[in-house]
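The values are calculated or read from the model by the stated rules, or taken from the named source; none is laboratory data. Computed from a prediction, not measured in an experiment: that's the story for all the values here. Glycine also receives a Cβ, built like all others from the backbone with ideal geometry; neighbour counts cover every protein chain displayed. Calculation scope for accessible area: heavy atoms of the full protein, side chains included, ligands and nucleic acids excluded. Shrake-Rupley method; radii C 1.70, N 1.55, O 1.52, S 1.80 Å.
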Amino acid sequence: DAGVIQSPRHEVTEMGQEVTLRCKPISGHNSLFWYRQTMMRGLELLIYFNNNVPIDDSGMPEDRFSAKMPNASFSTLKIQPSEPRDSAVYFCASSPGTGGNEKLFFGSGTQLSVL
Amino acid sequence: AQSVTQPDIHITVSEGASLELRCNYSYGATPYLFWYVQSPGQGLQLLLKYFSGDTLVQGIKGFEAEFKRSQSSFNLRKPSVHWSDAAEYFCAVGPSGGYQKVTFGIGTKLQVIP
(Lines give C-alpha, C1' and ligand atoms only; values in the text may rest on other atoms or scores of the structure.)
Protein backbone atom coordinates (compact mmCIF):
# COMPACT_ATOMS: atom_id res chain seq x y z
CA ASP A 1 0.00 0.00 0.00
CA ALA A 2 1.61 3.24 -1.20
CA GLY A 3 -0.40 5.46 1.12
CA VAL A 4 -1.85 8.82 0.15
CA ILE A 5 0.23 10.37 -2.59
CA GLN A 6 0.44 14.12 -3.08
CA SER A 7 2.19 16.11 -5.74
CA PRO A 8 4.12 18.25 -6.01
CA ARG A 9 5.99 18.18 -2.67
CA HIS A 10 7.00 21.78 -3.09
CA GLU A 11 5.53 24.53 -5.23
CA VAL A 12 6.86 28.04 -5.58
CA THR A 13 4.85 30.45 -7.67
CA GLU A 14 4.23 34.12 -8.15
CA MET A 15 1.20 36.00 -7.01
CA GLY A 16 -1.61 35.81 -9.54
CA GLN A 17 -0.59 32.46 -10.98
CA GLU A 18 -2.79 29.38 -10.96
CA VAL A 19 -1.72 26.56 -8.68
CA THR A 20 -2.96 22.98 -8.85
CA LEU A 21 -2.30 20.47 -6.11
CA ARG A 22 -2.91 16.79 -6.68
CA CYS A 23 -3.85 13.87 -4.49
CA LYS A 24 -4.22 10.14 -4.97
CA PRO A 25 -6.05 8.57 -2.00
CA ILE A 26 -5.57 5.04 -0.76
CA SER A 27 -7.41 2.58 -2.94
CA GLY A 28 -10.77 1.60 -1.48
CA HIS A 29 -11.10 4.63 0.75
CA ASN A 30 -14.44 6.39 0.44
CA SER A 31 -13.60 9.74 2.01
CA LEU A 32 -11.09 12.37 0.99
CA PHE A 33 -10.15 15.55 2.81
CA TRP A 34 -8.07 18.61 1.98
CA TYR A 35 -6.46 20.40 4.92
CA ARG A 36 -4.34 23.53 5.11
CA GLN A 37 -1.70 23.95 7.82
CA THR A 38 -0.24 27.30 8.88
CA MET A 39 1.60 28.44 11.96
CA MET A 40 -1.14 30.89 12.86
CA ARG A 41 -4.23 28.79 12.31
CA GLY A 42 -3.00 25.23 12.66
CA LEU A 43 -4.70 22.51 10.63
CA GLU A 44 -7.91 23.63 8.93
CA LEU A 45 -10.32 21.44 6.98
CA LEU A 46 -10.95 22.95 3.56
CA ILE A 47 -13.23 20.41 1.92
CA TYR A 48 -14.49 16.88 2.40
CA PHE A 49 -15.55 14.42 -0.32
CA ASN A 50 -17.44 11.19 0.18
CA ASN A 51 -17.72 8.79 -2.75
CA ASN A 52 -16.35 11.55 -5.00
CA VAL A 53 -19.08 13.99 -4.02
CA PRO A 54 -18.24 17.21 -2.14
CA ILE A 55 -20.08 17.04 1.17
CA ASP A 56 -18.71 19.99 3.09
CA ASP A 57 -16.80 22.86 1.50
CA SER A 58 -17.49 25.36 4.26
CA GLY A 59 -13.78 25.60 4.99
CA MET A 60 -12.83 26.77 1.51
CA PRO A 61 -11.60 30.30 2.19
CA GLU A 62 -12.96 32.03 -0.89
CA ASP A 63 -13.91 31.62 -4.52
CA ARG A 64 -10.28 31.53 -5.59
CA PHE A 65 -10.16 28.01 -4.18
CA SER A 66 -11.81 25.07 -5.92
CA ALA A 67 -11.55 21.31 -5.51
CA LYS A 68 -12.61 18.41 -7.68
CA MET A 69 -12.70 14.68 -7.41
CA PRO A 70 -13.44 13.30 -10.89
CA ASN A 71 -12.98 9.68 -9.78
CA ALA A 72 -12.21 7.62 -6.71
CA SER A 73 -8.46 7.73 -7.27
CA PHE A 74 -7.76 11.39 -7.93
CA SER A 75 -8.50 14.82 -6.52
CA THR A 76 -7.22 18.32 -7.21
CA LEU A 77 -7.19 21.54 -5.25
CA LYS A 78 -6.82 24.62 -7.39
CA ILE A 79 -6.05 28.20 -6.40
CA GLN A 80 -6.65 30.85 -9.03
CA PRO A 81 -5.32 33.47 -8.70
CA SER A 82 -2.88 32.68 -5.94
CA GLU A 83 -1.92 35.22 -3.26
CA PRO A 84 0.97 35.34 -0.77
CA ARG A 85 -1.42 34.60 2.12
CA ASP A 86 -2.14 31.23 0.52
CA SER A 87 1.38 30.11 1.43
CA ALA A 88 0.98 27.04 3.63
CA VAL A 89 1.31 23.28 3.68
CA TYR A 90 -1.66 21.59 2.06
CA PHE A 91 -2.46 18.05 3.14
CA CYS A 92 -4.70 15.50 1.54
CA ALA A 93 -6.07 12.70 3.72
CA SER A 94 -8.31 9.73 3.08
CA SER A 95 -10.28 7.34 5.24
CA PRO A 96 -12.14 4.10 4.59
CA GLY A 97 -15.57 5.27 5.76
CA THR A 98 -17.61 8.20 6.88
CA GLY A 99 -17.97 7.69 10.61
CA GLY A 100 -16.53 10.05 13.17
CA ASN A 101 -14.29 7.32 14.49
CA GLU A 102 -12.39 6.67 11.31
CA LYS A 103 -8.64 6.95 11.16
CA LEU A 104 -7.34 9.55 8.74
CA PHE A 105 -4.42 8.64 6.51
CA PHE A 106 -2.41 11.71 5.53
CA GLY A 107 -0.18 12.37 2.58
CA SER A 108 3.18 14.07 3.03
CA GLY A 109 1.77 17.43 2.01
CA THR A 110 2.53 20.12 -0.55
CA GLN A 111 4.54 23.09 0.68
CA LEU A 112 3.18 26.07 -1.26
CA SER A 113 5.02 29.37 -1.39
CA VAL A 114 3.40 32.28 -3.21
CA LEU A 115 5.81 35.15 -3.78
CA ALA B 1 -19.42 23.58 17.79
CA GLN B 2 -16.65 21.24 18.71
CA SER B 3 -13.23 22.60 19.65
CA VAL B 4 -9.90 21.43 20.97
CA THR B 5 -7.43 23.26 23.18
CA GLN B 6 -3.81 22.30 23.53
CA PRO B 7 -2.49 24.76 26.10
CA ASP B 8 1.19 23.98 25.58
CA ILE B 9 2.63 25.14 22.26
CA HIS B 10 6.12 23.89 23.00
CA ILE B 11 7.45 21.38 25.57
CA THR B 12 11.01 20.29 26.26
CA VAL B 13 11.80 17.09 28.13
CA SER B 14 14.94 15.12 28.78
CA GLU B 15 15.39 11.74 27.16
CA GLY B 16 14.15 9.06 29.53
CA ALA B 17 11.83 11.42 31.39
CA SER B 18 8.07 10.99 31.47
CA LEU B 19 5.81 13.02 29.22
CA GLU B 20 2.29 14.36 29.47
CA LEU B 21 0.72 16.48 26.74
CA ARG B 22 -2.52 18.19 27.62
CA CYS B 23 -5.68 18.31 25.58
CA ASN B 24 -9.09 19.71 26.47
CA TYR B 25 -12.09 19.45 24.21
CA SER B 26 -15.50 20.96 23.88
CA TYR B 27 -18.31 18.86 22.47
CA GLY B 28 -21.96 18.42 23.33
CA ALA B 29 -21.98 14.63 23.50
CA THR B 30 -19.43 11.87 23.84
CA PRO B 31 -16.87 12.60 21.17
CA TYR B 32 -14.37 10.58 19.29
CA LEU B 33 -10.90 11.67 20.38
CA PHE B 34 -7.60 11.23 18.62
CA TRP B 35 -3.92 11.94 19.01
CA TYR B 36 -1.82 12.32 15.89
CA VAL B 37 1.94 12.84 15.53
CA GLN B 38 3.68 14.78 12.80
CA SER B 39 7.40 14.37 12.14
CA PRO B 40 9.17 17.16 10.24
CA GLY B 41 8.24 17.20 6.57
CA GLN B 42 5.67 14.45 6.98
CA GLY B 43 1.94 14.09 7.21
CA LEU B 44 0.13 13.24 10.42
CA GLN B 45 0.08 9.69 11.74
CA LEU B 46 -2.50 8.35 14.16
CA LEU B 47 -1.12 7.42 17.58
CA LEU B 48 -4.36 6.34 19.24
CA LYS B 49 -8.07 7.01 19.38
CA TYR B 50 -10.92 6.75 21.87
CA PHE B 51 -14.64 6.46 21.27
CA SER B 52 -16.00 4.15 23.92
CA GLY B 53 -15.10 1.59 26.54
CA ASP B 54 -11.98 1.69 28.68
CA THR B 55 -11.00 5.30 29.31
CA LEU B 56 -7.30 4.45 29.19
CA VAL B 57 -6.29 3.90 25.59
CA GLN B 58 -3.04 2.33 24.43
CA GLY B 59 -1.47 3.47 21.18
CA ILE B 60 1.57 2.92 19.06
CA LYS B 61 5.14 3.79 20.05
CA GLY B 62 4.42 3.29 23.75
CA PHE B 63 1.94 6.14 24.07
CA GLU B 64 -1.27 6.09 26.05
CA ALA B 65 -4.06 8.58 26.70
CA GLU B 66 -6.77 8.83 29.31
CA PHE B 67 -10.26 10.15 28.67
CA LYS B 68 -11.67 12.08 31.61
CA ARG B 69 -15.22 13.16 30.94
CA SER B 70 -15.48 15.27 34.11
CA GLN B 71 -12.51 17.34 33.03
CA SER B 72 -13.19 17.24 29.28
CA SER B 73 -9.62 16.11 28.87
CA PHE B 74 -7.73 13.56 26.82
CA ASN B 75 -4.09 13.86 27.88
CA LEU B 76 -1.34 11.93 26.13
CA ARG B 77 1.35 10.22 28.20
CA LYS B 78 4.52 8.26 27.78
CA PRO B 79 6.54 6.92 30.73
CA SER B 80 9.96 7.31 29.11
CA VAL B 81 10.63 9.58 26.16
CA HIS B 82 13.06 8.66 23.40
CA TRP B 83 14.90 11.16 21.19
CA SER B 84 12.89 9.87 18.22
CA ASP B 85 9.69 11.12 19.88
CA ALA B 86 10.64 14.71 19.02
CA ALA B 87 7.79 15.84 16.77
CA GLU B 88 4.57 17.82 16.83
CA TYR B 89 1.54 16.27 18.48
CA PHE B 90 -2.05 17.06 17.63
CA CYS B 91 -5.15 16.29 19.61
CA ALA B 92 -8.36 16.05 17.61
CA VAL B 93 -12.07 15.60 18.24
CA GLY B 94 -14.63 14.11 15.89
CA PRO B 95 -18.40 13.88 16.09
CA SER B 96 -20.04 10.70 17.30
CA GLY B 97 -22.56 10.81 14.50
CA GLY B 98 -22.92 12.09 11.02
CA TYR B 99 -20.12 12.60 8.57
CA GLN B 100 -16.60 12.91 9.76
CA LYS B 101 -15.47 16.47 10.43
CA VAL B 102 -12.49 16.20 12.71
CA THR B 103 -11.29 19.35 14.45
CA PHE B 104 -7.62 19.54 15.30
CA GLY B 105 -5.88 21.41 18.07
CA ILE B 106 -3.08 23.85 17.32
CA GLY B 107 -0.46 21.26 18.18
CA THR B 108 2.29 20.83 20.79
CA LYS B 109 5.86 20.73 19.60
CA LEU B 110 7.98 18.33 21.63
CA GLN B 111 11.72 18.80 21.95
CA VAL B 112 13.78 16.01 23.51
CA ILE B 113 17.17 16.88 24.96
CA PRO B 114 19.92 14.35 25.76
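Key figures for this structure:
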| item | result |
| --- | --- |
| Surrounding net charge for residue A:79, when Lys and Arg each add one and Asp and Glu each subtract one, Cβ distance under 9 Å | -1 |
| Exposure rank, largest accessible area first [B:78, B:61; 1.4 Å] | B:61, B:78 |
| Cβ-placed point charges (K, R +1; D, E -1), dipole of the protein assembly as shown about Cα centre in debye, nearest 20 | 260 debye |
| Gaussian network model of chain A, Cα within-10 Å springs - most flexible of A:59, A:97, A:42 | A:42 |
| Sequence of B:8, A:63, B:54 from largest to smallest accessible area, 1.4 Å probe | A:63, B:54, B:8 |
| 10 Å binning of all Cα-Cα separations within the protein assembly as shown, expressed as whole percents from 0 upward | 8, 33, 35, 20, 5, 0 |
| Within a Gaussian network of chain B (alpha carbon springs, distance under 10 Å), most fluctuating of B:79, B:95, B:31 | B:79 |
| Pairwise Lys count, chain B - Cα closer than 19 Å, eight or more residues apart or different chains | 8 |
| 10 Å Cβ neighbours from other chains, averaged over peptide A:43-55 | 2 |
| Nearest-0.05 FRET efficiency for residue A:5 and residue B:84, computed from C-beta distance (R0 22 Å) | 0.35 |
| Top of B:39, B:26, B:84 by mean-square fluctuation, Gaussian network on chain B, Cα under 10 Å | B:84 |
| Test item: B:101-107 mean partner chain Cβ contacts at 10 Å | 6 |
| Under the Debye formula (equal points on every Cα, no solvent term), log10 I(q)/I(0) of region A:14-115 at q = 0.22 Å⁻¹ | -1.17 |
| Size of charge dipole - chain A - debye, nearest 20, with Cβ of Lys, Arg +1 and Asp, Glu -1, no other charges | 240 debye |
| Residue (of B:80, B:95, B:105) at the positive-pole extreme of region B:58-114, dipole from beta-carbon charges | B:95 |
| Exposure rank, largest accessible area first [A:58, A:31; 1.4 Å] | A:58, A:31 |
| Shielding of B:88-95 by partner chains, average beta-carbon count, 10 Å | 2 |
| Cα centroid of region B:1-46 to Cα centroid of region A:4-32, whole Å | 26 Å |
